[in-house]
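Worksheet for the structure shown next.
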Amino acid sequence: MPTDDLPETFHVTTDEQLRAVSNLARHRIMAVLRFEPATITQIAERVGMAKGSSSYHVRLLERAGLVKVVRTRKVRGVTERYYAMAARSIVLPEPGEGGPDVLMRHAVADLEASPADGERHVRMAHLRLTDEQFAELGTRLQALADEYRELSDPSLPDTSLVFALFHPASGKQTEGGTK
C-alpha cells in the first residue's frame, strides 16, 4: 500500500491512543512504518527487538487505531500480515501544564541513541521575535519539513528532523524556586 492512499493526519484523542504513542518502542515501530508496510519480523529486525515484543507493541498500536493491516499473504501455511501507519502524520494533543511533551522526549532519546560518530546537525538558538516573525518562522519550518518529507525515499537510511519553536517559561521567581 503506497503512502499516497493514507489520510493526511490522525489526531490522538483518547487515553489509549496517548498511552500507545507515549512508549519509545512503539514510537520507533511507527517510524519504521512511516514509508512502507512491514511484517512483525521486518519490524523486529529494524528496531532491534524480539519478534514477540514487536508483536505485542504492534497489537497495542493497532488496537489504538494508529497502525493497520494493509495486506496479508500465506507463507508456508502461516498468514503474514503487513502493517502500515493509519495516516501520514500523527497529531498529539498539547501537553497539560507541567506535563511532558512526548514527541520531544522521544526525539531526544532517538538523538542520544544515534551513533556519536555519525553526521548530525543539532542546534539551539535563542531568538527575540515579533509575533509576526514567530508565526512566519513556524510556517517556514513546517513548509521545509513538508518539502523534504515529499522527497523522502524509503530505500535510503532513516533521517529524523525535529524542531520546536516556542516561548520559554518566563523564569520569574516563585516561592518554591523558579517557575
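The values are calculated or read from the model by the stated rules, or taken from the named source; none is laboratory data. Since this is a predicted model, take the numbers as computed values, not measurements. All Cβ positions, glycine included, derive from the backbone under ideal geometry; neighbour counts span all protein chains shown. Please note that ligands, DNA and RNA were not included when accessible areas were found on the heavy atoms of the full protein model with its side chains. Shrake-Rupley method; radii C 1.70, N 1.55, O 1.52, S 1.80 Å.
Quick rundown of the values:
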{"quantity": "For the stretch 66-156, projected area of the alpha-carbon convex hull averaged over all directions, nm²", "calculated": "10.3 nm²"}
{"quantity": "Antiparallel DSSP beta bridges within the stretch 9-151, as percent of all bridges there, nearest 5", "calculated": "75 percent"}
{"quantity": "Using alpha-carbon coordinates, inclination of helix 51-63 to the longest axis of the chain, degrees", "calculated": "70 degrees"}
{"quantity": "Listed residues VAL91, VAL78, VAL69, most fluctuating in the chain (Gaussian network, C-alpha, under 10 Å)", "calculated": "VAL78"}
{"quantity": "Between helix 131-151 and the chain: long-axis angle, C-alpha atoms, 0 to 90°, nearest 10", "calculated": "20 degrees"}
{"quantity": "LYS51 accessible area, 1.4 Å probe, all protein chains in place, Å² to nearest 10", "calculated": "120 Å²"}
{"quantity": "Most fluctuating residue given options PRO168, PRO115, PRO93, as computed from a GNM of the chain linking Cα atoms under 10 Å", "calculated": "PRO168"}
{"quantity": "Cα-based equivalent ellipsoid of the stretch 1-81: semi-axis lengths in Å, sorted from largest, via gyration tensor", "calculated": "21, 16, 12"}
{"quantity": "Cα-projected label distance for GLU80 with THR13, points at 7 Å along beta-carbon direction, nm", "calculated": "3.7 nm"}
{"quantity": "Length-normalised contact order of the chain in % [C-alpha pairs under 8 Å, at least 6 apart]", "calculated": "23 percent"}
{"quantity": "Ratio Rg/Rh, restricted to the chain and using Cα atoms, in which Rh is the Kirkwood radius", "calculated": "1.01"}
{"quantity": "The chain - mean residue ellipticity at 222 nm from DSSP helices (-39,500 (n - 2.57) per run, n ≥ 4, rounded to 500)", "calculated": "-12500 deg cm²/dmol"}
{"quantity": "Choice from ASP153, ASP101, ASP131 with maximal GNM fluctuation in the chain (Cα, 10 Å cutoff)", "calculated": "ASP131"}
